Every structure is written in C-alpha cells, then in structure tokens.
Amino acid sequence: MSKEIKCECGHVNPFGTEICESCGKPLEAEKSELLNMRYEGVARRSQTYNRTIIDKIWNFFSSVKVGIWIIVITLVASSIGTIFPQEMYIPPRVNPARFYAEEYGVLGQLYYQLGFHDLYGSWWYMLLIAALGVSLTIASLDRVVPLYRALKTQRVTRHENFLKRQRIFGTSKVSNDDAAIAKVKENLEKRKYNVSEENGNLVGEKGRFSRWGPYVNHIGIIIFLIGCMLRYFPGMYVDDFVWIREGEIEVIPGTNQEYYLKNEKFIVELYDEDDEVFGEAIRNSGATVVKTYQTNAVLYKREETDTIGADAELVEVDRHEILVNQPFKFDGYALYQVDYKLHELNVMSFNMLRKGAEEPIGGFSVNLFDPQAEYDLGDGYKVKVRHYFPDYFLNDQGQPTSQSRIPNNPAFIFEMVSPEHPDGEVSFLAIGQNLEPFGENDYQLRFDGVETKNVTALTVRKDYTLGILIVGGLIFMIGLIQGSYWVHRRIWVQRINGEIWIAGHTNKNWNSLKDEVDRMIEGTELSSPVDQVALKKDEKQPKEEVQDGSFK
C-alpha cells in the first residue's frame, strides 16, 4: 500500500487524502457532486490505518458515534445517582444500609446494594469518565492535526475542479481583468478579509480561528474531566465530617493524621422572649430559636520525636472561633460549623447492691465511648460487661442490637460476680429498664447518675481541583463562543481561460456568504455566482402553470 500520494502540482499528500492540500485538486475518481470540505479532504489516521491493536483502539475512540454513546451512557448513569441522595448527603450518624431501606423501602435497599449510593466514586463511573476523556482526546487529535496542516499549506491558486465543485460558484467575462481584480481586492479588504494574491489570483479569508472552536471545547471538557478525576486522588480533594466532644481532641479527617483539633468550648446562643423579631413567636409557641453557635477550636500539628518508639507530640499551631459561614482555614483546609448536639450522654454511673439493702457494695462509671470489659469493686465483687448496645433497639427477631455507635439509647448486659455467685448473675439495664433475663438475682445494679457533653459537628473541606474545574469551564466557554459567533469564510477569485471564476466556501450560513460575494463584486462587471445546492432544489421542483398557459 502506497503511503503517499503525489499531486500533479508536485505536493506530496499523506495516504488517504481526498483533496490535495496545496492546489485543491480532488484526488479521487472524477465526480460531479460538490466536494466534502468538512475536514478539507485531509487524511485522518482513523480512516487510513487499521492493522495493529493500537490502530483499532484509535479508530474505535475516534468515532463520533462511539463518543456520543459514551456521553449518553454517562448521562444515564449520572441521572441514576440523583434518584436518591448520595451517601455523602445523608445524616452522618445514620447507618446507610438502614437509611435507604427505611426511607425508600425495597427500591432504596436495592439502590444501596447495587452501590448507587456512592455512584460518583465507583470504579465503573470513573472508567466512564476516563473513556469519555480518551474519546475526546483521540477524536480531536485525529481531526485537528491534519486539518491544521491542510489549512496551513493551501495555495492561493486552486485547481479548476476544486473551484467548480464548491457550493458557491460562478464565471464571468469582463473587458478589463486587472481592474475587476483590483476592485474585488479593495472590497474584500473593506470587508475585513485577509487577502492573499498569487499570479493575479486572489483568495480572501476571515474567521479561520472559528474552525478551532469545537476542539477548544474538547480541551475544556478534557481539563474539566481531569479535575473531576483528580478529586479521587489522595490529597487533592477532601469533603469529610467530624464530631468533636467538648474538651476532647480528634484527628482531622483527610490530613493523614497530621492535624488534630480540640473542641475547647462549644457555645450556643438563643433568642429570648424580648427579641424584636422572634420574641412573639417564642412566647406563643414556647420553642427555642438558635441565634448562633460556635466552636472555640485549638489546632494541633503532630511532630515526630527523635526517640525511637515514642509517641508523636502534638504542638499547638493556631486557635480560632468557628461559626456558621466563618470557617477555620489552614494549610489548604477549611473547617465549617454545620451541626451540633447538646447534652450527649458521655458517662453513666451505677451502684451494685444486695437486694433489700440501702448501702451499695460499690460503684463504677462506664465511659459510653470506651467501656471497660470489667470493673473491680473489691472484696470479691466485680461487674463484667457482657454486651453493650450504644443505640439500643430490638430487631425483627426480638433480639437487642444497636443501630449506631453513638450512645443515644445505651443498654447493657452486665454480669455481677460476688463471693456467693462466682459464676455471675446476669442483669439487663437500659434507660427505664432493669431486667433479670435468667431468673431472680440476689444482687442488682442501680443507676446512679450521668455525665453529658456538648458535641460540635464540623465539615472538613479541601479542594485543589476547583481551579482546574474553573479553567476547564472557561476554556469550554471560549470554544463555544469561538465556534458559535464567528464563521470561517473563503472566497477565491481566479483567472481561467480568459474568464474570472469565483468560488466561495463557509462552514455555516451560506446565504450570508452569498451576500458577502455580491458586495465583493460591487462596482465591477462580474456577475453574481450561484448557490449550486439551491439551484438544484429549484430545478427539481415542479413548475406552476399560470393563467396564460405558460409555466414559471
């Protein structure tokens, strides 16, 4: 198979070229229909190579149909992700499996089981995004590189068949060729055309940069997709949630355990009954209206010590009052105040005593977030935690279980060991319940008090991809404007066999181009060229008989 095609003008064209890049001569067998000027008849790789696996992959992704199908599938997948809320938007303290099943029934449960609750972070959705990016990249390279080469190498003087097979075409005989050509050149320049001259022939061109609009669009979309995919790379994007109890220190999610935050104090301010805006409503309803809430936060940074095996040291680096819409920003991160919980159960205290006695044998306190397995009361008395249910409820089988790790409704199954009962006696304790599931016990546990803490909820944000997304969007808009509001037009004026031939081509709005040509020949003897497509349509339409028996 020949790799190159040499035209009679001497220009060597790549294999697969349909129109000579230099003189414009059609290289295929002689035909009468108009030339396909969509890509200037250039040789595209996808149409000329189909041997290796790389060629087949290139040809597959360069297809416009394949690109459209990828877009359609991606849009359908994206729409599925909007049927129910994604996991990131459901309450953070709720179990996702239970949430979808309880809120949306069987469909919600199926939605969760199929993984649609985290659709935009799934591997197959990322694969679709990557395939779309690859398709846009290959399709653009397959067209823009040969198109640029063809437009750059074209000559002023074009082959006769090239001119005749343009949509706008006409010939004229004038008494003074030089005067007509000069006047046409003057008119073209007045119309802001870039005029080139060769051997007494002209070509006027303007708006070529609009041809690159679709490819600028593609670049913008590709950059935008890269920004979307970078959100799933570590360190590029963080959108997480952290609850911090008053007086405690928690690691900040997404910081690779480098930063810690202490909730030094949590403050809630309420509107009172004397408030001008909410006072009357508060007095009538008795409800409380929150005015503001804030977290007095202390930021720590972990610093490794030189001692081998020693724990890292937390060093205070900053303090900040976090309010709604007033985040705490540091090192590319931002902490937003989004929620709170007042008087969350933290520690519950119990006493062990013999039934009928008033004085307890001993007492113990259970940290509801880190309960011990056993509490020694001395003198052979101890209490073991056999089961702990932080958020107790009975499941469908009537068995006690927990729907979350937050102590909203704590319940315990204790085993009380005493000298009389070394194997222990079992007691079930929950709020408002004190049961003996295995028969009557000699000893019992009694609730003795509770400690609570206020809890603040902070959203952790970090986004290094936002700038990339904005740049991609701006480039896309530039390409959209570039390709929508400007038009690429070319008008050839050439002397052939004692006549002046005029041909014109545009990528859209042919009526406007025809008007441009008519203005170009004003003040000359040149006749207006015709629109060959419109002319053929007129010839195909049946003539109408008028009253005098003639036809029009």
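The values are calculated or read from the model by the stated rules, or taken from the named source; none is laboratory data. Bear in mind that the values here come from a model prediction, so they are computed numbers and not experimental data. So basically every Cβ, Gly included, is an ideal-geometry build from the backbone, and we count neighbours across all protein chains shown. Areas reflect the complete protein model, heavy atoms only, side chains present, ligands, DNA and RNA absent. Shrake-Rupley method; radii C 1.70, N 1.55, O 1.52, S 1.80 Å.
Of all residues in segment 102-115, none are surrounded by 15 or more Cβ atoms within 10 Å (Cβ to Cβ), under 17 Å from the mean Cα position of the chain (by Cα) and on the phi < 0 side of the Ramachandran plot. What do you reckon, is TRP58 of a type in the set (Phe, Trp, Tyr) and open to solvent by 80 Å² or more (accessible area, probe 1.4 Å)? In short, no. Here LYS152 meets each of (1) out of contact with any Leu (no Cβ under 7 Å at 6 or more places or on another chain); (2) touching a residue at least 60 places away in the same chain (Cβ under 8 Å) with one exception, condition (2). Just checking, does segment 137-155 include any residue being part of a helix (DSSP H, G or I), open to solvent by 40 Å² or more (accessible area, probe 1.4 Å), of a type in the set (Lys, Arg) and modelled with pLDDT of 90 or more? No, segment 137-155 contains no residue that is part of a helix (DSSP H, G or I), open to solvent by 40 Å² or more (accessible area, probe 1.4 Å), of a type in the set (Lys, Arg) and modelled with pLDDT of 90 or more.
Residue-wise test of (1) in a helix (DSSP H, G or I); (2) under 30 Å from GLN403 (Cα atoms); (3) without any contact (Cβ under 8 Å) to a residue 24 or more places away in the chain.
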{"site": "TRP58", "(1), (2), (3)": "yes, no, no"}
{"site": "PHE61", "(1), (2), (3)": "yes, no, no"}
{"site": "THR74", "(1), (2), (3)": "yes, no, no"}
{"site": "SER79", "(1), (2), (3)": "yes, no, yes"}
{"site": "PRO91", "(1), (2), (3)": "no, yes, yes"}
{"site": "VAL94", "(1), (2), (3)": "no, yes, no"}
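Step by step: first the residues of segment 42-55, then only those that are farther than 30 Å from CYS23 by Cβ and outside any helix (DSSP H, G or I), then the one that is least open to solvent (accessible area, probe 1.4 Å). Which residue is that? Filtering first and then ranking leaves THR52. The strands (runs of 3 or more DSSP E) located wholly in segment 286-333 that include 3 or more residues which are at pLDDT below 90 occupy 290-303.
Here is the figure for segment 225-236: residues that are open to solvent by 70 Å² or more (accessible area, probe 1.4 Å) and modelled with pLDDT of 90 or more total 1. Within segment 280-295, residues that are within 23 Å of ASP339 (Cβ to Cβ) and open to solvent by 60 Å² or more (accessible area, probe 1.4 Å) have Cβ atoms under 7 Å from residues that are among the hydroxyl-bearing types (Ser, Thr, Tyr) and at pLDDT below 80 in these pairs: LYS291/TYR271, counting only partners at least 6 apart in sequence or on another chain.
Residues in segment 1-16 that are part of a loop (DSSP other than H, G, I, E, B) and either modelled with pLDDT under 85 or closer than 16 Å to ARG165 by Cα (or both): MET1, SER2, LYS3, PHE15, GLY16. Kindly indicate the residue of segment 407-466 that is under 24 Å from ASP370 (Cβ atoms) and aromatic (Phe, Trp, Tyr) and also nearest to the chain's Cα centre (by Cα) among those meeting that condition. Out of the qualifying residues, it is PHE412. Taking the listed residues ALA312, ALA334, the one that is surrounded by 14 or more Cβ atoms within 10 Å (Cβ to Cβ) and of a type in the set (Gly, Ala, Ser) is ALA334, with no other qualifying. When ILE475, ILE468, ILE431 are screened for being touching a helix residue (DSSP H, G or I) at 6+ places or on another chain (Cβ under 6 Å) and farther than 22 Å from PHE330 by Cα, only ILE475 passes. For segment 198-283, the strands (runs of 3 or more DSSP E) that sit wholly inside it and include 1 or more residues that are closer than 30 Å to GLU160 by Cβ are 201-206. For segment 491-511, the tally of residues that are open to solvent by less than 30 Å² (accessible area, probe 1.4 Å) and either of a type in the set (S, T, N, Q) or in contact with a Gly (Cβ under 7 Å, 6 or more places away or on another chain) (or both) stands at 4. Considering only segment 359-384, state which residues are of a type in the set (Val, Ile, Thr) and either open to solvent by 30 Å² or more (accessible area, probe 1.4 Å) or in contact with a His (Cβ under 9 Å, 6 or more places away or on another chain) (or both). Across segment 359-384, the qualifying residue is only ILE361.
Going through (1) among the charged types (D, E, K, R); (2) over 44 Å from the mean Cα position of the chain (by Cα); (3) open to solvent by less than 60 Å² (accessible area, probe 1.4 Å) one by one, LYS190 falls short only on (3). When the test is whether a residue is buried (at least 17 other Cβ atoms within 10 Å of the Cβ) and in contact with a helix residue (DSSP H, G or I) (Cβ under 7 Å, 6 or more places away or on another chain), VAL66 does not pass it.
Right, GLN86: open to solvent by 30 Å² or more (accessible area, probe 1.4 Å) and either of a type in the set (Phe, Trp, Tyr) or without any contact (Cβ under 8 Å) to a residue 60 or more places away in the chain (or both) or not? It is false that GLN86 is open to solvent by 30 Å² or more (accessible area, probe 1.4 Å) and either of a type in the set (Phe, Trp, Tyr) or without any contact (Cβ under 8 Å) to a residue 60 or more places away in the chain (or both). Of all residues in segment 390-413, those that are buried (at least 18 other Cβ atoms within 10 Å of the Cβ) and free of Cβ contacts under 8 Å to residues at least 40 places away in the same chain total 5. Exactly one residue among GLY523, GLY483 is surrounded by 20 or more Cβ atoms within 10 Å (Cβ to Cβ) and in contact (Cβ under 8 Å) with a residue 12 or more places away in the chain, and that residue is GLY483.
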